[in-house]
Amino acid sequence: MRASTVHRVRIPSLPGAMPLLGHIPQLRRQPSEFVRALRTRGDVVRFRLGPRWAYAVNSPALIRQMLVADAEQAASLRRRGSVGLVLHPSRIRQYAATMCEIAEARVDSWRHGAQILLDQELFSLTLTTVTQVLFRGRAGARLAEDVRGTLPVLLEGLGRRALTPVGALDRLPMPVNLRFRRAQRTLQEAVHRAIAEYRADGLEHGDLLSMLLTARDADSGAGLSDEQVHDELVTMLVAGTETTASALSWACYLLSRDGDAQRRFQRELDEALGRRDVHQVSHETLRELAFQQRVIAETLRLYPSTWMLARRPNSPVELGGYRIPAGSTVLFSVYALQRDPELFASPERFDPDRWLPKSSPGIPRDAYIPFDSGVRGCAGEQFARAEMAAFLSVIFSRCSVRPAPGGSPPVTRLMSMSSALPLIVRRRTPRERRC
Ligand code: HEM
């Protein structure tokens, strides 16, 4: 991360900071507009998170430099043990059929012509999928219920805290902070209860919780403490639910507004499925649907779920001739990067065909990083891709979707880019599916 020549030039600052709060109000109110404004100010820009400076890195080359040389490499690699095992690509095939069955049961409950809040449906579906993998035992089923009640509050609060890490604000006795702390406590107690029950019955449930409880450190032979098991589970829940739900909602949103793309996708599905249901075809068949893959790639370009990434280097960093002090918050926006007109032609347009093999070589490798790159990249990428392929295949083989009249435009939430999304669902007839 160290450049050989360091110009002692002051890093450009973003104007408009308020006393005490700095740029926090803008960042919380209109996060996507805020990060786009940062990009117009140069490769590295500083702004105020309350009383402290934070740094935004905007150039793809510098972002890459920062990611690859990330000072926290070792710590994150250590975390991959059981999570890595449970999310290993070789296990994904096992989960894929369950994912399809969960989606088919839910989509079958949608009435023809009904207005569905698709973002909520998809969040509930991804939560069901992840909890099935994490905890299968009886104690797990109860825990899944508690997770369902608390996770949305927790995700919202974590998003706010991650982007505006000013502890004093989060300690104020405001309803939003009290709700967050209550959700945190409820989830913590529920996870610890499930750990105690698993430890007591001593059975192997074939899920992540069992794996974590039997995991042993290769050198010392020691097991994980309850606190470590708790942290691993909560990380998976936080990292693996709203992210996929958000990507899926945006894919449905984009397809609902692009009739041609929706019909092309349905034709591709009809040809691949014939008279079969989605759960009757292999995981590989779904992953080979080329247009579907391009729709997913393009959705994650326009609406990367983890749209802002943060690093806190533990030694001073020199980037593009600027020096960033140790311990600073360094942010970069995947959202703004992937809409940069210098990197993508007509960047605001939904165009799955930009990912055709003949067009995509023009896209620089560093310009597209929805799952991050470097060692901290997404541990659940293959799981997420399988989930997206299964859910989109089920939804669009059985239904067509269009925007609900008067539906409010989608909103950008802090933790992930999710949309509030009412759509009208029309069930496709068997005849339509055969044409
Ligand atoms: C479309 C869906 C998803 C996207 C776009 C996505 C993206 C990301 C990104 C960008 C990171 C790195 C964050 C950072 O560098 O700070 C990450 C980390 C991670 N993701 Fe995903 N993710 C998705 C779905 C999933 C799923 C379904 C799972 C698990 C079932 C998962 C598990 C994880 C884990 C365990 C980490 C590491 C977290 C940590 O070390 O703190 N992700 N993901």
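The values are calculated or read from the model by the stated rules, or taken from the named source; none is laboratory data. As the structure is a computational prediction, the values presented were derived from the model and not from experiment. Reconstructed Cβ throughout: ideal geometry from the backbone, glycine too, with neighbour counts over all protein chains shown. Calculation scope for accessible area: heavy atoms of the full protein, side chains included, ligands and nucleic acids excluded. Shrake-Rupley method; radii C 1.70, N 1.55, O 1.52, S 1.80 Å.
Within the set of pairs 6 or more residues apart or between chains, which connect a residue that is within 14 Å of the ligand (Cβ to nearest atom) inside segment 230-258 to a residue that is of a type in the set (Gly, Ala, Ser) and assigned to a helix (DSSP H, G or I) with Cβ atoms less than 6 Å apart? The qualifying pairs are Thr244/Ala384. Among the residues of segment 260-277, the ones that are free of Cβ contacts under 8 Å to residues at least 24 places away in the same chain and in a helix (DSSP H, G or I) come to 5 in all. Among the residues making up segment 333-364, a single one is among the basic types (Lys, Arg) and within 16 Å of the ligand (Cβ to nearest atom): Arg339. Would you check if there is a residue in segment 195-205 being modelled with pLDDT of 85 or more, within 16 Å of the ligand (Cβ to nearest atom) and of a type in the set (Phe, Trp, Tyr)? No, every residue in segment 195-205 fails to be modelled with pLDDT of 85 or more, within 16 Å of the ligand (Cβ to nearest atom) and of a type in the set (Phe, Trp, Tyr). Of all residues in segment 365-388, which are hydrophobic (A, V, I, L, M, F, W, C) and more than 7 Å from the ligand (Cβ to nearest atom)? Within segment 365-388, Ala367, Ile369, Val375, Ala386 qualify. For segment 205-236, a tally of residues being part of a loop (DSSP other than H, G, I, E, B) and open to solvent by less than 50 Å² (accessible area, probe 1.4 Å) returns 6.
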